[in-house]
Amino acid sequence: MAYVTANEVRSIVARDEGEHENTAASLTDEQIEEAIDSATNEVEARLAGQYIVPFSQPPQSPPLIVEIVRDIAAFLADLTFRQDVDYTSGNEPMLLRYQRALDLLQRLETGAITLPGADTPDLPSAGSGVGRPINPYEGDMFTMPDFGIGYDRWGRTGVNGNWPR
């Protein structure tokens, strides 16, 4: 199920509305629809634990889902168009849209923000021992050198570089 159309994706990848040459908007409908399908699958897979997917068909689809799918699909279409040409700056519009979409998706996935109007699955009652824990922390909270074992950031072992004895 598609939440956006190829023309909606084209409208944000083209620099000018009527000028599609030398942009990802010049891709075929099939290429853009492939990017839309990929974006849709990613969004639904990541949000399946929090919401009932697929979401409603447009125009009843949650507007935020439409934005996220559109922006991810536009980025994927742009990658197809660019092939092996890197972005020259972190301020590229497609890259910024993509980063924003991923940030929103991650926040929806962890429950940091909610999706108004979306159906949520029936959750087990409190204390049933069943549920999906959400850890918003990414990275290593503690490492071995924090406890005086293993290597520190300078490659020394133990607390003072003397361990093990």
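The values are calculated or read from the model by the stated rules, or taken from the named source; none is laboratory data. Computed from a prediction, not measured in an experiment: that's the story for all the values here. Here the Cβ is made from the backbone with ideal geometry for all residues, glycine too, and neighbour counts use every protein chain on show. Accessible surface areas use protein heavy atoms only, side chains included; no ligands, DNA or RNA. Shrake-Rupley method; radii C 1.70, N 1.55, O 1.52, S 1.80 Å.
None of Asn91, Asn41 is loosely packed, with under 15 Cβ neighbours inside 10 Å, of a type in the set (S, T, N, Q) and outside any loop (DSSP other than H, G, I, E, B) except Asn41. Considering (1) at pLDDT 90 or above; (2) open to solvent by 60 Å² or more (accessible area, probe 1.4 Å); (3) within 15 Å of Ile12 (Cβ to Cβ), the lone condition that Leu79 does not fulfil carries the number (1). Just so you know, in region 45-55 the residues that are open to solvent by less than 60 Å² (accessible area, probe 1.4 Å) and over 11 Å from the mean Cα position of the chain (by Cα) include one that is farthest from Pro121 (Cα to Cα), and it is Phe55.
The residue that is farthest from Leu115 (Cα to Cα), counting only those in region 15-71 that are at pLDDT 90 or above and basic (Lys, Arg), is Arg70.
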